[in-house]
1. Pop the C-beta distance of Leu677 and Ala217 into the FRET formula with R0 = 45 Å and round what comes out to the nearest 0.05.
2. Decide, for the range 355-397, between rounded, prolate and oblate: order the square roots of the alpha carbon gyration tensor eigenvalues as a ≥ b ≥ c, take rounded if a/c falls under 1.5, and otherwise choose prolate if a/b is larger than b/c, else oblate.
3. Which entries in the list Lys383/Lys418; Lys381/Lys436; Lys354/Lys489; Lys81/Lys169 go over 20 Å, if you measure between the two C-alpha atoms of each?
4. Which order do peptides 233-240, 374-381 fall in by mean Cβ count within 10 Å, highest first?
5. Given a Förster distance of 30 Å, report the FRET efficiency between Asp379 and Ala349 from their Cβ-Cβ distance, rounded to the nearest 0.05.
6. Can you find, among Ser438, Gln376, Ala424, the residue sitting farthest towards the positive end of the charge dipole of the range 367-477, where Lys and Arg contribute +1 and Asp and Glu -1 at Cβ?
7. Just want to confirm a number: the relative contact order over the range 394-501, from Cα pairs under 8 angstrom separated by 6+ residues, in percent.
8. Can you pull the one-decimal nm distance between simple spin-label points at Tyr65 and Thr183, each 7 Å off the Cα toward Cβ?
Amino acid sequence: MFFNLIHRNSIQSRKENRLFFSSLLISIIAFYIILSLSKQDIMIFLQQMESDAINRIFQMIPLFYGVTLFLLFFLVYFASKYQLERRSHEFGIYLMMGMKRFKLFFMLFLEDLYNSLLSLGIGIPAAVLLSELISLITARFVGIGILGHQFTFSLTAVLWTVLGFLWIKLLAFLILSGRLFHTEISYLLTPVPKQTKRRLSKTASICLFFLGIFFLAIAYFLAISKIAWGSVFFMGITFIFGLAGTFSLFYGLQVFLEFLARQNRKKKRLFLFTFRQLQEYVIFQPNVLSISSLLILSALCFFGFGISVSKSYTNLEEHNLDYTFSCYNPSIDIKEKLQTSGLSSYFSALFEMKTGIIYGEEDTIQLNQAISLLEQEPDSKEKTQLLQQLSYINDHCYAISLSGYNELLTLSGKEPIKLESRQAAVYMDQSFISIKKSEMIEHMLSQTPQIQINGEPYFLTGTLQTTNLVTDRSITLSFALIVTDETFKQLTADNYSSYWNAVLTPELRKQKGLMQAIAQVNQELSPFADSFEIEYESYLKNMGRQLFYVAAASYLTLYLAVLFFVIGNTILGVQFLMQQQKTGQRYRILIQLGSSFPALCQSCAQQIRWYFEIPAFIAAVSSFFGVSALYTGLLPSSLQGNIFDFFWIAVAMIILLCVVEYLYLLAVTKAGCRYILTLMKPKREE
């Protein structure tokens, strides 16, 4: 009988608080995914190439775990408090019928343990499957294929998830049940008393409302103008203004709601009651609304920034080459050595890329006409940077041979360059330019400016070239001239660096997949390179640096976004339901006065909609500035020109989270209507 009661109460508790139970499942899944990162294929693969960077991520995981436990504890605490307060009358009846307090404590402990184990039983298998799905999607997303994937299960992640979850549940239960244990029976049988709180004056509310807007405007300006990124001091100032502005805004909202209520006095269907209720919720819970809004803001920023930056890094590098070989000994012919060793059969293309410094007297390169054309462009920060960049190449400029670069363009599916002996094309590495800089250079090149090289006239022509010269990032030329092979030999005095680029055969890549194909070729290349003192770089090793950013953005930012979003919305829902229960007597009076169930549910739905939409709207507005600030401060210069493209990706992600926000709103509305339905029944007097 006793255990049947526990079972029924557990089922009833989950039915009446589905929102909280669902939030716990999401938290368990997030815990396991972040704790099992070291076992996922993509992270194991990255660790082999970027061990230092990935190890730093792993070292940060305990910190994220601890912060998450801290936040989740308050979620569990408030949700459990709501459940106990909702059942206080039931507990009073148990004690009146002779149940010992220790037995009541034991019953609640078993109910909580049963629900916790059920959450873990559902959440951990779902987390394992979702973790595998994320690993496969990430591998496909970054372009390394999914061949060789093996199912992984992290027992350590399961143990830490179970221990952390049960610990915070137990701690919250002990604190709340300790209060219940010492509560008098008469207090349990009476309704929860309504809160009393001193209201701010109208003048104070108006001042706080506009002061909050002013503080937020300062925080927005400091963030998007890069001032906040200048030093730790300014970053701290920005956070202080942001926090102060948010709290001040919510403390001043009560006068705004009162204004809306007065403007709509003539509206029917409990409109004035709805806004008075909502105004009271804001008066009693400005801190809860502020914290929830900040959590939702953090989630929106992390989610929007993480997804867009992850996508940007996957598209940042073109994949044209698989290998690049070099040797400091000029007597060694790399192509010949590869052919005699039988390794050339792995490659469908093998060509030489020549680069060298242009030799000459002082002021070897004179770009006077080109610089004059650039100076005619509208003033901007990019123009100043570009002119300063070109001013440093007078006596130190690189040349690139045309034949090798045309081979590269052909492999990339681009049109080869056609040059005469006195013509040159401009090359700049992608990391040194932005879209605006590229547009200015393209406009300058369209006018075919004349330059001087060792006193000889040359003409800049064609379009700006940015295709990476080799597989790795060891060559990043801020400015170079692509010239014909004869001119290259003359300008460099036949003293240049030689790199041999190679591409794997399509058959090998199709059979093995890119990751396994390069791994196989690396095993055979390693002894070959050691014997002839040849150095080589593969695309995968270079891609490891790129994947590090993708992994960091995809996993850590999404992990924080999900948890902050879940915790923020669940706190909002639980706090509203708690406050609704404390004002339940008002609904009973309205029922006695003849209010219908649909009218009360409509009023409840409007309260919930405003209660959720106010902090969510403020968070959404702030998120546009927050994501812009993250782009401004954290994106590399090569991506700054694409900031609007990334911003639209972030907007799409924010809209997606707003849809999820609406689902939370519906769940709380359903719970609120269920509570009103219980009030429609005649109240028993004990």
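The values are calculated or read from the model by the stated rules, or taken from the named source; none is laboratory data. In this text, all values refer to a predicted model and were calculated from it rather than measured experimentally. When we count neighbours, we look across all protein chains shown, and the Cβ atoms used for this are built from the backbone with ideal geometry, even at glycine. These area figures cover heavy atoms from the full protein model, side chains too; ligands, DNA and RNA do not enter into them. Shrake-Rupley method; radii C 1.70, N 1.55, O 1.52, S 1.80 Å.
1. Details: r = 45 Å, r/R0 = 1.00.
Computed FRET efficiency for Leu677 and Ala217 comes out at 0.50.
2. Numbers: a/c = 3.25, a/b = 2.17, b/c = 1.50.
Prolate is the answer for the range 355-397, as a/c is 1.5 or above and a/b outweighs b/c.
3. Details: Lys383/Lys418 29 Å; Lys381/Lys436 10 Å; Lys354/Lys489 10 Å; Lys81/Lys169 12 Å.
Those over the limit are Lys383/Lys418.
4. On the way: 233-240: 14.2, 374-381: 11.6.
Top of the packing list down: 233-240, 374-381.
5. Working: r = 45 Å, r/R0 = 1.50.
Using R0 = 30 Å, I get an efficiency of 0.10.
6. Checking the options against the dipole of the range 367-477, the answer is Ser438.
7. Numbers: 144 pairs, mean separation 45.0, N = 108.
The normalised contact order for the range 394-501 reaches 42 percent.
8. Calculated label separation equals 3.5 nm.
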